[in-house]
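Chemist: Okay, handing you the structure first.
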């Protein structure tokens with residue numbers, strides 16, 4: 001799909017503040033510094049009655065205004081990270097003139113089933129970007145690109161409520177425990193894990209890795225305050241052998 005660049009916007013937050021805002025990073029924020037920033041791609045479908053000119057005169061300004069209002073409520077998204085030598089940990093600093101870049105593109109679609117005209121809005125590094133402010137600050141090294149294995153496969157599984165219900169009923173029927181409780185997450189986790197092991201095959205001693213993100217806001221003691229603003233999501237990384245899954249499923253292959 002070919003892309004034609006139409007406009008690059010720099011949207012600022014809609015606040016009247018004239019002084020910088022400093023926001024110390026929390027423990028959970030620090031864990032994500034080594035990861036790449038997140039990018040979002042949003043597709044906008046133009047109706048038959050919408051012209052190219054009306055999009056730029058009416059729709060695009062409203063989208064930029066909407067982003068500006070969103071940044072007002074989530075100021076750290078327009079800021080950057082700074083780590084002064086005298087500070088024990090980095091913090092987010094938001095200047096009144098800080099902006100977020102948005103790249104507006106028009107794709108050339110080849111599929112006959114796709115609309116002839118659509119627009120793509122990509123907010124470049126809407127989340128916090130790692131960059132130095134002063135030459136005397138500590139350096140935050142950007143993560144290097146990782147090599148992708150040749151046998152990597154990406155699969156999307158869609159499970160309906162009916163699918164989940166059947167999986168729960170099947171598991172309970174096969175279990176010898178009368179008090180077995182199965183949450184939707186556990187059922188999805190077990191199903192995806194089984195599919196991965198069966199699809200990959202190979203040596204039964206081959207290591208298997210499963211990873212997901214978990215929300216810890218309701219799992220901390222003491223609990224996170226309602227006014228807490230920051231990350232509270234942690235990655236859960238599990239390693240085990242394929243043999244364990246095969247024996248658990250009663251499959252020796």
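Chemist: What's the exposure ranking of 200, 209, going from fewest to most Cβ atoms within 10 Å? Kindly include the intermediate steps, with their values, before the conclusion.
Modeler: Values: 200 13, 209 9.
If I rank by nearby Cβ atoms, fewest first, I get 209, 200.
Chemist: First check a/c for the stretch 161-249, with a ≥ b ≥ c the square roots of the eigenvalues of its C-alpha gyration tensor; if it is under 1.5, answer rounded, and if not, answer prolate when a/b is larger than b/c or oblate otherwise.
Modeler: Details: a/c = 2.51, a/b = 1.45, b/c = 1.73.
Oblate, since a/c reaches 1.5 and b/c is not below a/b.
Chemist: Further question on the same structure: For an R0 of 45 angstrom, estimate the FRET efficiency from the Cβ-Cβ distance between residue 239 and residue 65 and round to the nearest 0.05.
Modeler: 0.40
Chemist: Here's a follow-up. By counting other Cβ atoms within 10 Å of each Cβ, how are 13, 91, 35 ranked from fewest to most?
Modeler: Details: 13 23, 91 17, 35 11.
Neighbour counts put them in this order, fewest first: 35, 91, 13.
Chemist: Relative contact order of the stretch 161-249: what whole-number percent is it, with Cα pairs under 8 angstrom and at least 6 residues apart?
Modeler: 29
Values quoted throughout were computed directly from the atomic coordinates according to the rules given, and no laboratory measurement underlies them. Just so we're clear, the structure is a prediction, and the values are computed from it rather than from any experiment. We place every Cβ from the backbone using ideal geometry, glycine too, and count neighbours over all the protein chains shown.
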